[in-house]
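Visitor: Shown below is the structure under consideration.
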Amino acid sequence: MSIGIVGTGISGLHLALRLRQFGIDVTLYAAQDPDDIRSGPLLNLVTRFDSTREREKALGVTRWASGEYDNAWMHLSVEGPDGMSFRAQLPRPASSVDFRMYLATLLEEYQQRGGNAVRRGVADRAELARLAERHELVVVAAGRGALTDAFPRDAARSPYTSAPRRLAAGLFHGVRPPEPSGMTMHMVPGAGEVHAPTYHSFGGQLTGVLVEAVPGGPFAAVTDRNHRDDPEGFAQAVLELITTHTPTLRERVDEREFALARPVDLLQGAVVPVVRQGWARLSDDRYALAVGDAWIANDPLTAQGANLGSTLAFQLADVLREHDGPYDGTFCRTVSERLWATAQPIVDWTNMFVGPPPPQMGTLLAACAADQRMADAFVAHLDRPGAMWRHIRRPEHTDDFIARTLAVRSGV
């Protein structure tokens, strides 16, 4: 068996490392080498929950196992006249590490273990087809550029045709961690969200600030502002947004020190949530499977993208290890539907939360603010997205979740 993997995000690298453990012949096609990844612009602000960290242990990746990199608490607040807030400790700590450091280290780990890595960008479907002649199956894990055109949008699973949020993310000095240290999320009705996790990057511990702006709302100006021409003005605009809309976050900011860590530590843009067809026929007898962002692009609001990418990589690795037969259209369709059973709850949850707030969201957050038992249950479910979706998909499910949680934890 020979598998080609295109892309060096978390899906591609976890899949490549896992297949190496299984003794499967893998070639990883990387558009960048580790130094390129490290020196590039900010990729995202990823929080890896415990399930993903456990998969890292299974891979033998222990670089970030130390408690130094832990984010053990989640603080959530809804701002405004009818605001509410709560905090809870995750059952096991998450980790927030600069993804440039993370991906570069995983690529080096793969190479040090004897993995075959080819420095080659794959730009389009025609080039992908030529590459596929070298392998029994190609897995595409690169979610940007024209290559994704090989996997058309699945309209039935993609309710958005435009981005429900505009994004600006940066790593900043001058923000104290919350007490207890961890992640914070500030929801501003009608405007968007501001996330501020404690983050570990090249300069040590920083604060990641992610502004998710409702298009046309009061946050939108920051997400569209050109920071390169006026970095100080950009930082000042972010500070003004925080001051006006998220007062509890403002209390942690030292305005004399508040600044972007480096010009390269910023990301602006938008994500159109999309599910693409999970496989493509490249020639009469060659096919490609899509995983990660090549298949599913989620808004970062629920912090599930990288964690889902890792989950699906491990599931696909198990399928490839067990499969004994052709890698034809039937195989690809069957695998894609099997993986979709895992992905669907996460996609639906995220799509719900970036849309107009459903009534059960207010009910659930109010219950969390009113009772620590509910806050604990909600935060615990951040690493149980399938269960989370079952509890929030309809108002009556949320009511039942609240009632059962309080009853069980009261000993009723």
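Visitor: So GLY233 ticks every box in (1) more than 16 Å from LEU260 (Cα to Cα); (2) exposed (fewer than 15 other Cβ atoms within 10 Å of the Cβ); (3) small (Gly, Ala, Ser) but one. Which box is left unticked?
Guide: Every listed condition holds for GLY233 apart from (1).
Visitor: Filter region 122-162 down to residues that are outside any loop (DSSP other than H, G, I, E, B) and small (Gly, Ala, Ser) and give me whichever is surrounded by the most Cβ atoms within 10 Å (Cβ to Cβ).
Guide: Among them, the one singled out is ALA150.
Visitor: Additional query: Looking at (1) modelled with pLDDT under 95; (2) surrounded by fewer than 18 Cβ atoms within 10 Å (Cβ to Cβ); (3) assigned by TED's automatic domain parsing to the domain that holds ALA142, which is the only condition ARG286 fails?
Guide: Going through (1) modelled with pLDDT under 95; (2) surrounded by fewer than 18 Cβ atoms within 10 Å (Cβ to Cβ); (3) assigned by TED's automatic domain parsing to the domain that holds ALA142 one by one, ARG286 breaks only (2).
Visitor: Among the residues of region 322-360, count how many are of a type in the set (A, V, I, L, M) and exposed (fewer than 15 other Cβ atoms within 10 Å of the Cβ).
Guide: 1
Visitor: Here's another thing I want to ask about it. Taking LEU76 as meeting all but one of (1) surrounded by 17 or more Cβ atoms within 10 Å (Cβ to Cβ); (2) part of a loop (DSSP other than H, G, I, E, B); (3) among the aliphatic types (A, V, I, L, M), write down the number of the exception.
Guide: Failed condition: (2).
Okay, residues lined up against (1) aromatic (Phe, Trp, Tyr); (2) within 24 Å of LEU13 (Cα to Cα); (3) modelled with pLDDT of 95 or more:
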position	(1), (2), (3)
ALA126	no, yes, no
ALA129	no, yes, no
VAL138	no, yes, yes
GLY143	no, yes, no
THR148	no, yes, no
ALA155	no, no, yes
PRO159	no, no, yes
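Visitor: A follow-up question, please. Looking only at strands (runs of 3 or more DSSP E) that lie completely in region 163-260, which have at least 2 residues being over 24 Å from TYR102 (Cβ atoms) and in contact with a Ser or Thr (Cβ under 8 Å, 6 or more places away or on another chain)?
Guide: Here the list reads 182-188.
Visitor: ALA367 passes all but one of (1) crowded, with 22+ Cβ neighbours inside 10 Å; (2) under 30 Å from VAL122 (Cα atoms); which number fails?
Guide: Of (1) crowded, with 22+ Cβ neighbours inside 10 Å; (2) under 30 Å from VAL122 (Cα atoms), only one is false for ALA367: (2).
Visitor: Same structure again: Mind listing whichever residues of region 103-121 are of a type outside the set (Gly, Ala, Ser) and more than 17 Å from ARG38 (Cα to Cα)?
Guide: Those that are of a type outside the set (Gly, Ala, Ser) and more than 17 Å from ARG38 (Cα to Cα): GLN112, ARG113, ASN116, VAL118, ARG120.
Visitor: Which of the numbered conditions does GLN32 fail, given that it passes all the others? Conditions: (1) in a helix (DSSP H, G or I); (2) within 23 Å of GLY208 (Cβ to Cβ).
Guide: The one condition GLN32 does not meet is (1).
Visitor: Regarding ALA380, is this residue in contact (Cβ under 8 Å) with a residue 12 or more places away in the chain and assigned by TED's automatic domain parsing to the domain that holds ASP400?
Guide: So ALA380 fits the description; yes.
Visitor: To continue, here is another question. Can you tell me which residue is farthest from LEU249 (Cα to Cα) among those in region 79-97 that are surrounded by fewer than 21 Cβ atoms within 10 Å (Cβ to Cβ) and in contact with an Asp or Glu (Cβ under 6 Å, 6 or more places away or on another chain)?
Guide: Checked region 79-97; the qualifying residue farthest from LEU249 (Cα to Cα) is ARG92.
Visitor: Could you please find all residues in region 97-121 being within 30 Å of ALA72 (Cβ to Cβ) and either modelled with pLDDT under 95 or in a helix (DSSP H, G or I) (or both)?
Guide: PHE99, ARG100, MET101, TYR102, LEU103, ALA104, THR105, LEU106, LEU107, GLU108, GLU109, TYR110
Visitor: Also, quick follow-up: Evaluate the following for GLY305: is it over 24 Å from the mean Cα position of the chain (by Cα), among the small types (Gly, Ala, Ser) and either surrounded by 22 or more Cβ atoms within 10 Å (Cβ to Cβ) or modelled with pLDDT under 95 (or both)?
Guide: No, not satisfied.
The values are calculated or read from the model by the stated rules, or taken from the named source; none is laboratory data. These numbers come from a predicted model, not from an experiment. No Cβ is skipped: glycine too gets one built from the backbone with ideal geometry, and neighbour counts run over all protein chains shown.
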